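The values are calculated or read from the model by the stated rules, or taken from the named source; none is laboratory data. These figures come from a predicted structure and were not determined experimentally. All Cβ positions, even for glycine, are placed from backbone atoms using ideal geometry, and neighbour counts span all protein chains on display. For accessibility, only protein heavy atoms count, side chains too; no ligands or nucleic acids. Shrake-Rupley method; radii C 1.70, N 1.55, O 1.52, S 1.80 Å.
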Amino acid sequence: MASTFTSMFDQFERRAELHPDVTCLSFQDRAWSWGQMRNRILKAAGALDAMGVKAGDRIAFIDKNHAACLELTLAASLIGASHVVVNFRLSLEELSHVLSDSDAKLLITGHEFLPQIRGIQDQLPALKRVLVLGGENDEYEAVVEGAPPLAKRHQAEPDDCFLQLYTSGTTGWPKGALLTQKSMSAHNETVRNAYAMDEAAVNLVAMPLFHVGGTSWALAGMAAGARTVLVREVNAAHVLDRISQEQATHAFFVPAVIQMLLAEENVVADTASLRVIGYGGSPMPAPLMERILNTLDTPLYSVYGMTEMSGVFCVLGPDEHRDPKRKYLHASAGRAVPGVEVRVVDPSTREDVPTGDVGEFWLRSGQAMSGYWHQPEASEAAFVDGWLRTGDAGRLDDDGYLFIEDRVKDMVISGGENIYPAEVERVLVEHPAVEEVAIIGIPHQKWGETIHAVVTTKDGQSTSERELIDYCRERLAHYKCPTGISFVLALPKNPTGKLLKRKLREDYGGLVPHVS
């Protein structure tokens, strides 16, 4: 049977052939038609070829959102190279690690990040050239404008790495997930079907392109023929202005951004054109959910996704959000999209657990990454007989809805009982004096591990270790309750705001439990 595989650029080029003069992308004060974007991508690919980029090479990009990032992702694929989009919020040490690990021979950097790059360039032996983007001396634009279109394209294969995005690294150094032509194409199909993305859509892209919630969301819209509106960085008033001015129909945000938008006076009028608001990336607080439902009429879609799955693989749709009889589903991540299989597995026995019991989510889908760059052991551990281990713990109900409980790696085993920290955290954060809380396991001579809480308090509020432990014991089984509390001014987090429990375990792992 003949292959039906269509490369990511072929999907883009099909739109350019159908609608060469229709606007494809708007960014800041510029706009490009499909035909113009196609020509720019071919010229960018020609420039990469002239600079010696070959099939299998990596090129890296570091900047806030910019149209060049999207065109480079597609241009690199025409040579058979992979695009590494780097988190500009990383510390210098993390940035050095990611760029070194990627083996990128070419780096395109926004002019405002050039001093950081110069400071670590001697630590990057594979890096042969740095091109500055933007500013008074826009080297990238000059190179692309002066380059001939690529003469000979790489013949893309389904398993070619198309995009290399680094995971957030909450448990160690970030790892480069290898997203392939096949996995990204499968994700395009998911987004098109899940959100009715089509040629009439106007897709706002405001999340950082170094996340799948940015690049994958943008590329899926392009593959569907939607017009893309790219926002450089999140400013609530500016985002609402772009939605209103461009009459955007689709948008994806993290909950914190939605909260910022709701604080704006004209949020209802400015978002009137939206047919889809997708949200994900972090839990949606119940009070914020109620506020959204009471303020906006826009259909809401909860997204459960991950870098290793090229983006979204589970969706809770607008009907579930608005049905008062199924309000409990607000705590759900939704149901797996077509093309994604889900198992809930006991991480110790690797056997499926009964419906309703907590285990680790395993996934099988064409959207899955091919592995981690330079990490053969981590790649092997991530897959079991073709199933991707998510590392997320949760349960599946009789109707196929997924409920995320915690990360498997954060599970604490005390006296043979499995304790998921999120359950304890949900209780403690309801105490009126508690601002944030993180639960970790610390060694216990008798029970192996015991629960320890690290807490920040709200301004002007105070509490005590005894009060919080008693508060938990009124609401949880005794074995789930903390045997100690540490009060801190702030919890350690990485540049994307994710909690670093690894750091907490290092800091508090030597404590001796003292509350019986």
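Details
- Residues of region 372-418 classified as more than 15 Å from Asp346 (Cβ to Cβ), buried (at least 17 other Cβ atoms within 10 Å of the Cβ) and either among the basic types (Lys, Arg) or more than 23 Å from the chain's Cα centre (by Cα) (or both), total: 3
- Residue pairs meeting the criteria (Cβ under 7 Å; at least 6 apart or on separate chains; first in contact (Cβ under 8 Å) with a residue 12 or more places away in the chain and open to solvent by 50 Å² or more (accessible area, probe 1.4 Å), in region 456-478; second outside any loop (DSSP other than H, G, I, E, B) and not charged (D, E, K, R)): Thr457/Val434; Thr457/Phe487; Arg475/Val427
- Arg275 being surrounded by 20 or more Cβ atoms within 10 Å (Cβ to Cβ), among the basic types (Lys, Arg), at pLDDT 95 or above and in contact with a Ser or Thr (Cβ under 9 Å, 6 or more places away or on another chain): no
- Search result, residues across region 467-483 that are within 14 Å of Ala422 (Cα to Cα) and either touching a Leu at 6+ places or on another chain (Cβ under 6 Å) or in a helix (DSSP H, G or I) (or both): Cys472, Lys480
- Residue satisfying condition, being within 25 Å of the chain's Cα centre (by Cα) and farther than 14 Å from Leu150 by Cβ, within set Ala81, Ala75, Ala104: Ala104
- Residues located in region 428-440, provided they are surrounded by fewer than 21 Cβ atoms within 10 Å (Cβ to Cβ) and touching a residue at least 40 places away in the same chain (Cβ under 8 Å): His431, Glu436
- Gln245 falls short on exactly one of the conditions (1) under 24 Å from Pro208 (Cα atoms); (2) open to solvent by less than 10 Å² (accessible area, probe 1.4 Å); (3) in a helix (DSSP H, G or I), and that condition is (2).
- Test: residue in region 438-457 that is hydroxyl-bearing (Ser, Thr, Tyr) and within 30 Å of Val315 (Cβ to Cβ): no
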